[in-house]
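What follows is a set of notes on a single structure, which appears directly below.
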Amino acid sequence: MDAAVSHFAGRVQLTADLLDRYPSEVSDGQLQRACLARALAAGPDYLICDEATAMLDAATTAAVVGIIGGEVAARGLGVLALSHDRQLLEAWCGSILQLPELTLPRPAPGPPEAVARTGVPPLSAALAGRGFKP
């Protein structure tokens, strides 16, 4: 087994015997951790977690969130977590932006006027107005 594969599998708590299996032969939690290992192997500065725990039980959710939290603490990884689970976000995130709070005009057909005028897409402008920086 490649040393890098072994390293990242260990970081997400996957054992070597799981690495030769097909996705249908592992649990949802193991599959999610394998996906997380692939993402971390690329060495990103930011990780976008879109419903990363939606199909997981509470124990596996805690494990995945713990692994990601460890990466945040160890190397300053930035995380954007998207979820319908408000309780999870409150326990996991330093700040929460609820998207229904954003009211953006729908662009007219054709080239987006707001982007042409300002060079900043409307959603980026709305987020920046709430203290988020691109």
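Determine which member of the set Ala59, Ala39, Ala9 is over 15 Å from the mean Cα position of the chain (by Cα) and farther than 20 Å from Arg86 by Cα.
Values: Ala59 fails: farther than 20 Å from Arg86 by Cα; Ala39 fails: over 15 Å from the mean Cα position of the chain (by Cα).
Checking each option against the conditions leaves just Ala9.
Within the stretch 21-40, residues that are in the same structural domain as Gly78 (by TED's automatic domain parsing) and surrounded by 12 or more Cβ atoms within 10 Å (Cβ to Cβ) sit with their Cβ atoms under 9 Å from residues that are among the charged types (D, E, K, R) and outside any helix (DSSP H, G or I), at 6+ positions apart or across chains, in these pairs: Asp28/Asp57; Gly29/Asp57; Gln30/Arg21.
Asp20 satisfies every condition listed in (1) over 15 Å from the mean Cα position of the chain (by Cα); (2) not in a loop (DSSP other than H, G, I, E, B) except (2). For the stretch 58-69, does any single residue satisfy the condition of being surrounded by 12 or more Cβ atoms within 10 Å (Cβ to Cβ) and not in a helix (DSSP H, G or I)? No, there is no match, as no residue in the stretch 58-69 is surrounded by 12 or more Cβ atoms within 10 Å (Cβ to Cβ) and not in a helix (DSSP H, G or I). Among the conditions (1) surrounded by 10 or more Cβ atoms within 10 Å (Cβ to Cβ); (2) modelled with pLDDT under 90, Leu47 misses just one, which is (2). Here is a check on your reading of the model: is Tyr46 out of contact with any Asp or Glu (no Cβ under 9 Å at 6 or more places or on another chain) and touching a residue at least 12 places away in the same chain (Cβ under 8 Å)? When the stated conditions are applied, Tyr46 passes them.
The values are calculated or read from the model by the stated rules, or taken from the named source; none is laboratory data. Worth saying up front: this structure is predicted, and the values here are computed from it rather than measured. Glycine gets a Cβ as well: all are built from the backbone with ideal geometry, and neighbour counts include every protein chain shown.
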